[in-house]
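In what follows, a structure is listed as structure tokens, so that the remarks can point back to it.
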Amino acid sequence: MPAPRNRSAFDRWLDQVCQAVDDRRYDAVIDQSTGRAVGRQAYLRIDPANRSVELGDVYWGPAMARTRLATEAFFLAASHVFDDLGYRRFEWKCDSLNGPSRRAAQRFGFSYEGTFRRAVIYKGRSRDTAWYSMLDEEWPTIRAGFERWLDPTNFDDDGRQRNALRARPESG
């Protein structure tokens with residue numbers, strides 16, 4: 001869902017979210033340099049018995065899209081899933097036609113698992129859903145890649161990265 005256009009639209013969205021099932025939790029993404037909310041992301045399909053959760057309903061607004069903040073927001077979510085909750089599976093699902101979301105999943109270290117064909121009807125069309133996952137035994141290597149990338153020495157004075165994120169080592 002895109003960002004609400006005004007407070008009334010936000011209130012309607014919030015009412016819908018609060019009435020939703022109990023297997024989701026939303027987090028606001030706050031830019032600490034400004035104190036402003038610039039995005040949101042949700043833990044969906046929370047399954048404590050199987051220690052599995054999905055990151056979804058992600059909206060990283062224009063102020064954070066394709067920035068260090070977006071990568072850090074994801075890293076903090078993954079750290080919470082694996083390090084704090086002790087979960088064993090973290091999922092990412094997206095419209096199979098959503099190239100930016102698919103690239104983000106791969107950049108963040110998720111493994112592509114397959115496509116659920118005609119999984120849902122979305123915006124008046126049959127949508128195929130691409131599934132990705134990250135497992136607890138993969139997390140230490142992926143976490144190390146994020147920690148290297150997020151290190152302040154990886155950024156120049158203008159905030160540009162010196163080295164690209166490599167959440168997973170290159171396979172040979």
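The values are calculated or read from the model by the stated rules, or taken from the named source; none is laboratory data. On a predicted model such as this, the values are computed, not experimentally measured, just so you know. Note that each Cβ is placed from the backbone with ideal geometry, even for glycine, and that neighbours are counted across all protein chains shown. Surface areas here come from the heavy atoms of the whole protein model, side chains and all, with no ligands, DNA or RNA. Shrake-Rupley method; radii C 1.70, N 1.55, O 1.52, S 1.80 Å.
Of all the residues that make up region 120-150, how many are open to solvent by less than 20 Å² (accessible area, probe 1.4 Å) and among the aromatic types (Phe, Trp, Tyr)? So the count comes out to 4. Do you know which residues across region 121-165 are in a strand (DSSP E or B), closer than 16 Å to Trp92 by Cα and not charged (D, E, K, R)? Those that are in a strand (DSSP E or B), closer than 16 Å to Trp92 by Cα and not charged (D, E, K, R): Thr129, Ala130, Trp131, Tyr132, Ser133, Met134, Leu135. Look at Arg168 and say whether it is surrounded by 12 or more Cβ atoms within 10 Å (Cβ to Cβ), outside any strand (DSSP E or B) and modelled with pLDDT under 95. Considered against the rule, which asks whether it is surrounded by 12 or more Cβ atoms within 10 Å (Cβ to Cβ), outside any strand (DSSP E or B) and modelled with pLDDT under 95, Arg168 comes out as yes.
Of all residues in region 118-165 being of a type in the set (Asp, Glu) and touching a Lys or Arg at 6+ places or on another chain (Cβ under 9 Å), which is modelled with the lowest pLDDT? Step by step, filter region 118-165, then rank; the result is Asp156.
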